[in-house]
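The values are calculated or read from the model by the stated rules, or taken from the named source; none is laboratory data. Model, not experiment: these values are computed from the prediction. All Cβ positions, glycine included, derive from the backbone under ideal geometry; neighbour counts span all protein chains shown. For accessibility, only protein heavy atoms count, side chains too; no ligands or nucleic acids. Shrake-Rupley method; radii C 1.70, N 1.55, O 1.52, S 1.80 Å.
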Amino acid sequence: METKKRCGWCEGDALYESYHDNEWGVPLYDDEQLFEFLILETFQAGLSWITILRKRENFREAFDNFDYKKVADYSDEKIQELMNNSGIIRNQQKIRAAISNAQEILKVSEEFGSFRVYIDKLLWDQGIDGTLKALKKRFSRVGPATGMMFLWSIGEETPRP
């Protein structure tokens with residue numbers, strides 16, 4: 001049996017290793033899963049990924065199982081509720097970005113049929129650099145580093161050890 005190679009960044013923590021071995025870099029096609037990874041990557045900015053992984057179930061509960069259709073309709077009252085939730089990262093800009101990005105995914109879905117089709121079209125037409133620019137232009141708090149991490153996490157251009 002072949003032993004799976006692991007990237008150095010995940011070694012030494014069972015949660016990290018499980019994420020690496022079973023999820024990271026595996027192509028995703030479901031828009032809610034894509035939204036989940038987008039939210040988690042935007043919340044991760046400035047923090048370690050293990051911090052986000054340890055809070056992932058709290059994020060799932062707080063953000064309605066990453067249902068972007070529900071998140072797109074979050075009110076100021078819901079934002080305050082999230083700001084009071086100690087189980088997630090309580091950063092108002094990141095919370096508002098999650099809502100804005102959910103609204104943008106709705107627009108993308110109307111225009112392209114799905115978020116996944118949009119990503120594929122960008123990658124096909126513009127390559128990685130163009131895709132990163134388009135993601136930055138269209139989505140809140142998705143700069144080049146966050147955009148690249150998002151693409152890697154969903155199985156696009158994933159570096160291997």
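It is to be established whether one or more residues within segment 142-156 are surrounded by 14 or more Cβ atoms within 10 Å (Cβ to Cβ), in contact with a Pro (Cβ under 6 Å, 6 or more places away or on another chain) and at pLDDT below 95.
yes
Per-residue answers, yes or no, for (1) farther than 26 Å from LYS121 by Cβ; (2) modelled with pLDDT of 95 or more; (3) out of contact with any helix residue (DSSP H, G or I) (no Cβ under 7 Å at 6 or more places or on another chain):
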| site | (1), (2), (3) |
| --- | --- |
| ILE39 | no, yes, no |
| THR42 | no, yes, no |
| ARG60 | yes, yes, no |
| ILE79 | yes, yes, no |
| ASN85 | yes, yes, no |
| ARG90 | yes, yes, no |
| GLU110 | no, yes, yes |
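Can you say whether PHE63 is aromatic (Phe, Trp, Tyr) and in contact with an Asp or Glu (Cβ under 7 Å, 6 or more places away or on another chain), as far as the supplied structure shows?
Values: aromatic (Phe, Trp, Tyr): yes; in contact with an Asp or Glu (Cβ under 7 Å, 6 or more places away or on another chain): no.
It is false that PHE63 is aromatic (Phe, Trp, Tyr) and in contact with an Asp or Glu (Cβ under 7 Å, 6 or more places away or on another chain).
Hey, among the residues in segment 62-97 that are polar (S, T, N, Q) and over 19 Å from THR51 (Cα atoms), which one's surrounded by the fewest Cβ atoms within 10 Å (Cβ to Cβ)? Steps first, please.
Step one: filter segment 62-97 for residues polar (S, T, N, Q), giving 65, 75, 80, 84-86, 91-93.
Now drop any that are not over 19 Å from THR51 (Cα atoms), which leaves 75, 80.
Values: SER75: 9, GLN80: 12.
Restricting to residues being polar (S, T, N, Q) and over 19 Å from THR51 (Cα atoms), the top hit is SER75.
Are there any helices (runs of 4 or more DSSP H) wholly within segment 1-80 with 2 or more residues that are basic (Lys, Arg), and if so which? Walk me through how you get there before you give the answer.
Working: elements: 14-22, 31-44, 49-62, 68-71.
Counting at least 2 such residues, we get 49-62, 68-71.
Starting from segment 53-73, take each residue that is over 22 Å from TRP24 (Cβ atoms) and list its partners that are of a type in the set (Phe, Trp, Tyr), counting only C-beta distances under 7 angstrom and pairs at least six apart or across chains.
Hits for this filter: VAL71/PHE63.
From the set of residues in segment 109-141 that are open to solvent by less than 20 Å² (accessible area, probe 1.4 Å) and free of Cβ contacts under 8 Å to residues at least 12 places away in the same chain, which is nearest to the chain's Cα centre (by Cα)?
TYR118
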